[in-house]
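The values are calculated or read from the model by the stated rules, or taken from the named source; none is laboratory data. From a predicted model like this one, the values you see are computed outputs, not experimental measurements. Ideal geometry is used to build each Cβ from the backbone, glycine not excepted, and the neighbour counts take in all protein chains shown. Remember, those area values only see protein heavy atoms, side chains included, never the ligands or the DNA or RNA. Shrake-Rupley method; radii C 1.70, N 1.55, O 1.52, S 1.80 Å.
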Amino acid sequence: MKIIHVSDTHLVAAGGKLHGLDPGERLRQCFEDIVTHHTDAELCVLTGDMAEAGQTGAYALLKQLLMLLPMRTFLLLGNHDHRQHFCDVFSNVPRDSNGFVQRSKVTSEGVLLFLDTNEPGTDEGVYCELRHAWLREQLAQHHDRPVYLFMHHPPFDVGLPNLDAMRLRDCEKFIQTLSDHNDIRHLFFGHVHRPIFGKWRGISFSAIHGTNHQVPLLLNKDPHNGAFAFCQEEPSYGVILIANDMTTVHLQPFLNRQTIYYEDYK
Ligand SMILES: [Fe+2]
């Protein structure tokens, strides 16, 4: 099974700029690359921060751009998103019984869980008791299937101080809930605007670039009076391959596709 992972599109209304770039144009280029090379993907996941400031116009632009993709799409909220504005535009998006934008999908390779860590008024990720209850129910219902998690905020520090200050709160409670299931295969997240791979409490994880602006690899506290550091490294999306006992994550830059050439290898 192939899954496409796109993150942190930070759209503004059509034609608008962010960090000197056009996030809508960037996402169009990303989607066109996906259409050129990965129409066989079963689905595409956007792990949050779809809009820069939760604007209705940004979600309207996203809705328009998503029409480029032939596969099903699963949209997650990030800290920059606005739940109600998003649901106003995507009125058919499934929500749990408490109104959070989270859902599950059973596939041939296991169950995918899409979590909502957005909390109005803070950039930190929050997973409240209501959401924990939903997750516990999902894990119990799918106790005999492998589970793959998708969320915006990482539930642990990644070594980037500015981002670690706004990771998921109360990661101990989160890992405690996950411990109800004995086959969590992988955790995919956004938020960090960087490719980051590793393992947390026995669960492998991966994060990818945003499609617009990126976060530099500054492992020490940024000295600029708390100002957030950004950069314009080349963006990429993720190509996830899941088969039997294997999860593989490829990163694909999409702005400057290089010419492929062939030589005899001896
Ligand atoms: Fe972001």
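The helices (runs of 4 or more DSSP H) found wholly in region 79-183 and carrying at least 2 residues that are of a type in the set (V, I, T) occupy 171-178.
The one condition from (1) assigned to a loop (DSSP other than H, G, I, E, B); (2) open to solvent by less than 20 Å² (accessible area, probe 1.4 Å); (3) closer than 26 Å to C128 by Cβ that N212 does not meet is (3).
The listed residues are T9, T36, and the only one of them that is among the hydroxyl-bearing types (S, T, Y), without any contact (Cβ under 8 Å) to a residue 60 or more places away in the chain and either closer than 25 Å to D123 by Cα or not in a strand (DSSP E or B) (or both) turns out to be T36. The residue that is surrounded by the fewest Cβ atoms within 10 Å (Cβ to Cβ), among those in region 72-99 that are away from the ligand (no atom under 16 Å from the Cβ) and among the polar types (S, T, N, Q), is N92. Of the candidates L69, L21, the single residue that is surrounded by fewer than 16 Cβ atoms within 10 Å (Cβ to Cβ), at pLDDT 95 or above and among the hydrophobic types (A, V, I, L, M, F, W, C) is L21. Would a scan of region 189-197 turn up a residue that is over 21 Å from D116 (Cα atoms) and open to solvent by 60 Å² or more (accessible area, probe 1.4 Å)? Yes. Among the numbered criteria (1) part of a loop (DSSP other than H, G, I, E, B); (2) crowded, with 21+ Cβ neighbours inside 10 Å, which single criterion is violated by R26? With respect to (1) part of a loop (DSSP other than H, G, I, E, B); (2) crowded, with 21+ Cβ neighbours inside 10 Å, R26 is out only on (1).
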